[in-house]
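The values are calculated or read from the model by the stated rules, or taken from the named source; none is laboratory data. Just so we're clear, the structure is a prediction, and the values are computed from it rather than from any experiment. Here the Cβ is made from the backbone with ideal geometry for all residues, glycine too, and neighbour counts use every protein chain on show.
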């Protein structure tokens with residue numbers, strides 16, 4: 001068996017730590033090669049006083065450094081960017097975006113890929129787009145007739161997971177959060193709680209949630225998005241994070257059934 005590898009593909013700096021930091025820390029600590037591809041550098045994600053907004057270029061640099069620190073905290077092997085502007089990922093040329101992700105898949109050769117579900121967790125257009133691009137890239141990466149710019153050999157991913165928030169977790173954090181809705185076009189979007197019965201995979205990563213909390217703290221510019229959660233004592237925050245680790249197995253070439261998994265690599269080890 002070749003070395004175990006996990007690739008997470010997300011839209012913004014902080015998605016990895018706030019979304020699945022404990023899980024990434026767990027697998028890194030267990031010797032799995034964990035990698036991150038990030039679509040943007042979060043250039044428009046300013047949540048402080050408007051007069052202190054450093055602007056897209058400077059904020060992108062700041063958030064890149066925050067992400068690099070978080071990746072180091074989580075023990076991940078690599079970090080790559082797709083080069084898209086925060087807020088414009090859904091406007092990216094789809095063929096180009098898919099090609100860029102294919103190149104990373106073929107270079108890294110992961111058995112496991114994790115990305116956003118079709119609802120983007122809370123309807124964020126960037127999240128939805130990167131999830132779609134990643135799903136398409138998995139298909140293309142396995143197709144030997146699909147040519148990438150570096151002419152890399154094809155690679156077949158064994159399992160695709162969506163990072164999802166179960167009802168129990170959403171119900172727990174909602175009282176601590178500010179209004180989680182935001183406008184997109186003429187609609188309001190917000191947190192999408194997945195029914196507990198839809199969860200196919202639960203990763204027990206409670207022992208690694210202090211590491212996840214430290215990684216979250218690396219994203220200082222984004223802490224206002226956590227509302228009162230950001231002000232919690234570490235012990236309380238860790239107990240909240242321990243309720244994450246919920247995923248939906250979108251496809252698997254190596255296992256199946258209704259029994260809830262406790263390991264991404266079930267069927268591969």
query = Can you spot a residue in segment 223-240 that is at pLDDT 95 or above and closer than 26 Å to residue 44 by Cα?
reply = no
key: Answer residue from segment 13-41, given it is assigned to a loop (DSSP other than H, G, I, E, B), in contact with a helix residue (DSSP H, G or I) (Cβ under 7 Å, 6 or more places away or on another chain) and touching a residue at least 60 places away in the same chain (Cβ under 8 Å) and is surrounded by the most Cβ atoms within 10 Å (Cβ to Cβ) among those   = 13
query = Hey, among the residues in segment 80-104 that are touching a strand residue (DSSP E or B) at 6+ places or on another chain (Cβ under 7 Å) and assigned to a helix (DSSP H, G or I), which one's farthest from residue 149 (Cα to Cα)?
reply = 89
key: Among residues of segment 246-269, those that are in contact with a strand residue (DSSP E or B) (Cβ under 6 Å, 6 or more places away or on another chain) and surrounded by 15 or more Cβ atoms within 10 Å (Cβ to Cβ), counted   = 8
request  = Hey, could you check segment 219-229 for residues that are over 16 Å from the mean Cα position of the chain (by Cα) and within 13 Å of residue 67 (Cβ to Cβ) and say which is surrounded by the fewest Cβ atoms within 10 Å (Cβ to Cβ)?
outcome  = 220
ask   = So which strands (runs of 3 or more DSSP E) stay within segment 136-193 end to end and still have 1 or more residues that are surrounded by fewer than 15 Cβ atoms within 10 Å (Cβ to Cβ), touching a residue at least 40 places away in the same chain (Cβ under 8 Å) and within 24 Å of the chain's Cα centre (by Cα)?
value = 182-184
request  = Tally the residues that are crowded, with 17+ Cβ neighbours inside 10 Å and touching a helix residue (DSSP H, G or I) at 6+ places or on another chain (Cβ under 9 Å), restricting the search to segment 50-68.
outcome  = 5
ask   = Considering only residues of segment 195-227 that are part of a loop (DSSP other than H, G, I, E, B) and touching a strand residue (DSSP E or B) at 6+ places or on another chain (Cβ under 9 Å), which is nearest to residue 258 (Cα to Cα)?
value = 200
